[in-house]
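The structure appears right after this line, and notes come after that.
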Amino acid sequence: MSKISDITAELRDTVQSLARLEKSSASLKSSRSFLLNQQALQKRHTSLEEKLELLTSQQQTDVVNYRLFSDTDEPMAITAVAKTLTDFQEWLTTIYDALKNGPKERDRRDAEAISTTRLSFAYSYAGSVGVVMTMPAEQLLIGETTLDKAVETIFKLAKAKNTEEVAAFAKTLGPATIRRMYRWVTDHLEAGVGADIEWRRNRNVKSSLLIQQPELKELQNTIGATSEETETTIEIPGVLIGADIDRRSFHLKIEGDEDITGTMSSLIGTKVTLELGKRYTATILRKTKTIYVTEKDEITNFLLKIV
């Protein structure tokens, strides 16, 4: 039997032949020769798909069917296809890396994660906007592989219904995975397309997702509204270079680091006399708000004590 690459090459050729046939004139389409050619190509296409399915099963290779669809008859922009597929690939890789190496604060992925999750183009659909991709599957004698978990996670995340669910995934996988998902959702919305994705292994559907524009918009809003707040108390030495008793604000210069500004306790400056330019040790309550769709945290500082 041919290798996977040989079969996918034949499938691409068959799809192109079907596409050329569809461009035939109306008079030719009514001819017997046209119908015979069309039936022969369709039969060949079905046979090749069955061969590919069998071979990928034998060689432990996963198959991903990714179809884009729109509610309009407008031709789909090539950027829509390219962006959404690229987003999907990078989102999957980031999740795999997070599961393997720990939560991802920043969008950096190691070479092993990129190699293991690499999707390869097989062929495009006949008469539809979509592609079929393949990827070697990790193999274990017992239990789920990291790749299995990554695949399941990407489909579960896309079906998240509220901020609590998104926040739970963010804690486990890190903010970088949520930002990747947000980018994937946003590009689908900007292109005006939905997605019908099916992940197959051993001739069985392992995971699937059908998501349309209203659901994508709801998911975008949910991700955008998801954040996490943490509180820490720190003691840090610095020079007080600014203080406003009425506005309850302060400005502390930290050697070798960024200055700290914020609000101070009402007790400071009334029962305690402050001197500008003097070195103090400050006790600060720091609140950090992580908004998952951005790479910047919102930090507020509250000066509890200064001595």
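What follows draws every value from the coordinates through simple rules; no lab data is involved. Not measured: the values here are computed from a predicted model. In this analysis, Cβ positions are derived from the backbone assuming ideal geometry, glycine residues included, and neighbour counts consider all displayed protein chains.
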Problem set entry | In degrees, nearest ten, helix 146-158 long axis to first principal axis of the chain (Cα) | 80 degrees
For this session: Can you check what the net charge comes to around Gln39, using other residues whose Cβ is under 15 Å from the Cβ of Gln39 (Lys, Arg +1; Asp, Glu -1)?
Result: +3
Exercise. Counting other Cβ atoms within 10 Å, which trypsin sites (Lys or Arg not before Pro) in segment 130-211 have at most 16 and lie in a DSSP loop?
Worked result: Lys159, Lys161, Arg203
Seminar exercise, completed: Checking Leu28, Leu285, Leu11 against a Gaussian network model of the chain (alpha-carbon springs below 10 Å), the top fluctuating residue turns out to be Leu28
For this session: Past 20 Å, Cα to Cα, is the threshold; run Lys100/Lys156; Lys149/Lys206; Lys104/Lys156; Lys100/Lys287; Lys156/Lys206 against it and keep the listed order.
Result: Lys100/Lys287
Exercise. In segment 1-50, what trypsin sites (Lys or Arg not before Pro) fall in a loop by DSSP, with at most 16 other Cβ atoms inside 10 Å?
Worked result: Lys3, Lys23
Exercise. Which GluC sites (Glu not before Pro) does segment 271-301 hold that lie in a coil by DSSP with at most 13 other beta carbons within 10 Å?
Worked result: Glu275, Glu295
Exercise. Which residue, Thr273, Thr294, Thr163, has the most motion in a Gaussian network model of the chain that connects Cα atoms within less than 10 Å?
Worked result: Thr273
Exercise. For the Cα atoms of the chain, what angle does the longest principal axis make with the long axis of helix 175-191, in degrees from 0 to 90, nearest 10?
Worked result: 50 degrees
Problem set entry | lysines whose Cα lies under 16 Å from that of Lys289, excluding same-chain neighbours fewer than 8 positions away | Lys171
Exercise. Helix 4-22: angle to the longest alpha-carbon principal axis of the chain, degrees 0 to 90, nearest 10?
Worked result: 70 degrees
For this session: Tell me which label goes with the value of P(r) over Cα pairs in 20 Å bins from 0, in percent computed from the coordinates here: (i) 26, 40, 22, 9, 2; (ii) 34, 57, 9; (iii) 26, 49, 24, 2, 0.
Result: (i)
For this session: Based on other C-beta atoms within 10 Å, arrange Ile291, Ile234, Ile178 from fewest to most.
Result: Ile234, Ile291, Ile178
Exercise. Can you list the lysines whose alpha carbon is less than 29 Å from that of Lys23, not counting same-chain residues fewer than 8 positions off?
Worked result: Lys43, Lys51, Lys83
